[in-house]
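Okay, so here's the structure we're looking at.
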Amino acid sequence: MDMTADSTTTPPGPGHGDIPARPYPLLVQLDGAHCLVVGAGPVAARKASGLLDAGAEVTLVAPHIGPEVRSLGSSDDPRAGSLTVEQRPYRSPEASTYRLVISASGDPDVDARVADDALAGGALVNRADTLTAADARAGRAAGNIVLPAVHRVGPVTLAVSTDGSSPALARWLRDRAAASLGPDIAVLAGLVDDARRDLLAAGRTPGSIDWADILDKVAPLVAGGSVSEARVLLAGLTRPDPGATALSPLSGK
């Protein structure tokens, strides 16, 4: 969860000696974006489902279509209109024309070719397989994005990554972190969003608030079902504070 504070990093960082650069975590808006998934097994179906949830227009290509993909395209799935399934082999260099590409064909040669094509076209691309020694010797690309293990509750997104080194560990960490959040985290997020908007309307900078201290008090109230009491506590943040910095009309906060 982002509570307006920057994430903590451990120095030294990239550029110090032989330490490699680390992936930069971010969330990407894909509503209406054209995305390609190559493959039609369980992994490809799971990746396609996530893209559909993000509002993407997904084209899925594979010589053989598995049952998981068929269920995605069924009339019972309200997202089916945003999914195009083409039962055929991948045609190079079609990946270069998409905004985001995921290759999970199960064939290292196909996955490598998809990644090469996508990168040549400037697309974001993830290879669901592991880059082989033969790929490295041939100069083939591993892709330029790593997909984290994700848990969503309302506006809260929890993403855990091991930089692709151990997807199983990422899922294990995600599940345990998700369990610690509890089912009321979406309610808490909504209350905090309302409080932030009220602060802005009152001419207060959200950055002037000690959110960690406030959340330590509010979160137990929400978890205990005392949502009204939590809302009252947050409403108190808008009281005038002589030491607070007033917002100017041009403030970006």
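FYI, it's all coordinate maths here, none of it is from the lab. No experiment lies behind these values; they were computed from the predicted model shown. Reconstructed Cβ throughout: ideal geometry from the backbone, glycine too, with neighbour counts over all protein chains shown.
See the values below:
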quantity	calculated
Net dipole in debye of segment 149-239 [+1 Lys, Arg Cβ; -1 Asp, Glu Cβ; about Cα centre; nearest 20]	140
Antiparallel content of DSSP bridges confined to segment 34-146, in %, to 5	5
Within segment 87-130: backbone nitrogen closer than 19 Å to the Arg70 label point (7 Å, Cα to C-beta)	87-89
Label point distance in nm, Asp31-Ala179, each placed 7 Å from Cα along Cα→Cβ	3.5
Size of segment 34-146 as Cα extents on the principal axes (Å, biggest first)	46, 24, 23
